[in-house]
Amino acid sequence: MLRPLSTQIVGSYAKPHWLGRHERIHHLDGSWWRPEAEILEEAKQDAALLAIYEQERAGLDIVTDGEAQRVAYIRHFLAGLSGIDIMDTEKQAYVSEVETRKRNADVTELMEHFQLNPKIVGPIEWVRSSAAEHLQFLIAHARRPVKVNVVGPLTLLDRLADHHYGNPREAAMALAAAINREMLALEKLGPAVIQIDEPAFHFKLSRAREFGVELLARLVEDLSTPVIVHACYGYSLYAESKTANPTYHEVAEIIAASPVQGMSLEYEQPGHGPELLTHTGDKHVLIGLVNLGSREIETPEHVAARLRAALKVVPSERLHPSTDCGMWFLPRHIAYGKIRALAEGTKIVKRELGMI
């Protein structure tokens with residue numbers, strides 16, 4: 001279902017302020033949600049319907065539920081795994097191998113909650129699906145092919161305190177086996193694409209170098225649905241700016257050496273150019289062509305120009321215009337304007353190529 005130049009968002013869509021308190025996105029106590037408990041599920045579903053509608057109205061080819069029914073993509077998947085005590089947390093300093101300048105003092109308070117990591121207390125096993133119910137809802141209401149997002153094992157490991165395995169590779173492989181079970185369950189529902197969110201492939205590149213290819217191979221065992229690995233620079237909300245990381249091409253090379261079908265790369269805000277795409281091998285490539293760190297809405301002509309340059313390296317059958325990382329914090333009219341520009345800019349290029 002990865003047709004030539006298929007457009008899509010990469011992470012979350014704009015999350016309405018009536019749904020949640022954006023400033024509490026990383027709190028673990030459930031206080032992010034605004035609606036009262038008796039109407040919360042209805043509110044979540046309404047937000048998902050809105051995200052689906054706006055993606056289709058904008059003209060995107062593959063749609064998601066905008067991650068409207070979950071607060072943070074990492075914690076959401078813990079509920080379906082055994083061997084992890086989500087109530088027993090340990091404060092750990094998060095150390096990234098990539099420097100990111102923070103936007104303001106409020107971000108420091110937010111990041112403190114990233115350090116409260118649930119403990120791995122026994123063998124990790126998949127017990128039940130965390131995403132199937134939301135995917136079923138998406139498929140029931142979308143009129144276009146759909147994509148489902150699942151957290152990657154290296155990124156999930158980064159948010160856990162290991163008190164069982166004592167070895168990052170062993171713990172990551174156990175998580176990969178469990179997430180593989182999740183993906184096999186989701187595949188039965190019929191998504192067009194499964195996306196694995198793996199910012200840790202970028203932020204903990206040393207681990208990705210050591211066992212990243214092996215990890216991805218275990219992750220996609222027995223799957224036939226196309227799998228895309230997303231390696232991001234982190235939410236634009238947290239970064240004063242994003243500059244092209246000179247080691248980011250290594251992330252692309254690691255994914256290119258694995259058996260997954262494709263990769264999703266942040267491209268617009270960091271200011272990457274076509275040279276990055278020379279490291280993507282023969283994989284499908286999603287490239288972000290709208291800057292989520294800016295409230296200015298790109299023109300379709302800007303998107304088309306960036307896309308033409310990328311097509312000089314990656315052919316249209318393997319190139320897919322997308323957004324950069326998640327849009328949850330953007331005002332909805334700006335988020336919609338950006339995905340509309342993405343779709344319209346892609347149409348310009350498709351017409352030039354005789355594809356429409």
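In whole Å, what are the Cα extents of the range 6-93 along the three principal axes, biggest one first?
44, 31, 24
Could you put Ser316, Ser322 in order of accessible surface area, largest first, with the 1.4 Å probe and the full protein assembly present? Please report the intermediate quantities before stating the final value.
Numbers: Ser316 30, Ser322 0 Å².
Output order, biggest surface exposure first: Ser316, Ser322.
Jot down the per residue volume, in cubic angstrom and as a whole number, of the convex hull over the alpha-carbon atoms of the chain. Provide the component values of the computation, followed by the final result.
Values: hull volume 43.1 nm³, N = 356.
Taking only Cα atoms, the chain has a hull volume of 121 Å³ per residue.
Determine Rg/Rh for the range 262-356; Rg is computed over alpha-carbon atoms and Rh is the Kirkwood hydrodynamic estimate from the same atoms. Numbers along the way, then the final one.
On the way: Rg = 12.8 Å, Rh = 13.4 Å.
Dividing the radius of gyration by the Kirkwood radius yields 0.95.
At what distance in nm do the modelled label points of Ile86 and Tyr53 sit from each other, each positioned 7 Å from its Cα along Cα→Cβ?
3.0
List, in order, the whole-Hz ³J(HN,Hα) value for each residue of the range 37-50 obtained from phi through the Karplus relation with A = 6.51, B = -1.76, C = 1.60 and θ = phi - 60°; use x for Gly and Pro.
Running phi through 6.51 cos²θ - 1.76 cosθ + 1.60 with θ = phi - 60° gives 4, 6, 10, 4, 4, 4, 5, 4, 5, 4, 5, 5, 4, 5 Hz.
How much FRET efficiency would the formula 1/(1 + (r/R0)^6) give for Thr299 and His141, where r is the Cβ-Cβ distance and R0 is 41 Å, rounded to 0.05?
0.85
Taking θ as phi - 60°, what are the ³J(HN,Hα) couplings along the range 155-160 by the Karplus curve (6.51, -1.76, 1.60), each to the nearest whole Hz, with x for Gly and Pro?
Result, ordered by residue: 5, 5, 4, 5, 10, 10 Hz.
Okay, helix-only estimate at 222 nm for the chain: each DSSP H run of n ≥ 4 adds -39500 (n - 2.57), divide by all residues, round to 500 deg cm²/dmol; what do you get?
Calculated at 222 nm, the ellipticity per residue is -11000 deg cm²/dmol.
At R0 = 41 Å, how high is the FRET efficiency between Arg332 and Val121 if r is their beta carbon distance? Nearest 0.05 is fine.
Result of the calculation: an efficiency of 0.50.
So which of Lys119/Lys147; Lys242/Lys347; Lys15/Lys147 end up more than 26 Å apart by C-alpha?
Working: Lys119/Lys147 30 Å; Lys242/Lys347 28 Å; Lys15/Lys147 18 Å.
Where the Cα-Cα span goes over 26 Å, the pairs concerned are Lys119/Lys147; Lys242/Lys347.
Peptides 253-261, 152-160, 57-65: what's the order by average Cβ count within 10 Å, highest mean first? Present the calculation step by step, with values, prior to reporting the outcome.
Values: 253-261: 18.9, 152-160: 24.9, 57-65: 22.1.
Listed from highest to lowest mean packing, they are 152-160, 57-65, 253-261.
Can you list residues from other chains, or at least 5 along the same chain, whose modelled amide H is less than 5 Å from the amide H of Val151?
For Val151, whose amide H was placed from the backbone, the distant partners under 5 Å are Asp197.
Please work out the C-alpha center-to-center distance from the range 274-314 to the range 204-265 and express it in whole Å.
About 17 Å separates the Cα centre of the range 274-314 from the one of the range 204-265.
Quick check on the chain: of the DSSP beta bridges with both residues there, what percent are antiparallel, nearest 5%? Write down the numbers at each step before the final one.
Working: 9 of 34 bridges.
Percent antiparallel among DSSP bridges in the chain is about 25.
The values are calculated or read from the model by the stated rules, or taken from the named source; none is laboratory data. Predicted, not measured: the structure shown is a model, and the values here were computed from it. No Cβ is skipped: glycine too gets one built from the backbone with ideal geometry, and neighbour counts run over all protein chains shown. Heads up: the accessible areas ignore ligands, DNA and RNA and are worked out on the full protein's heavy atoms, side chains in. Shrake-Rupley method; radii C 1.70, N 1.55, O 1.52, S 1.80 Å.
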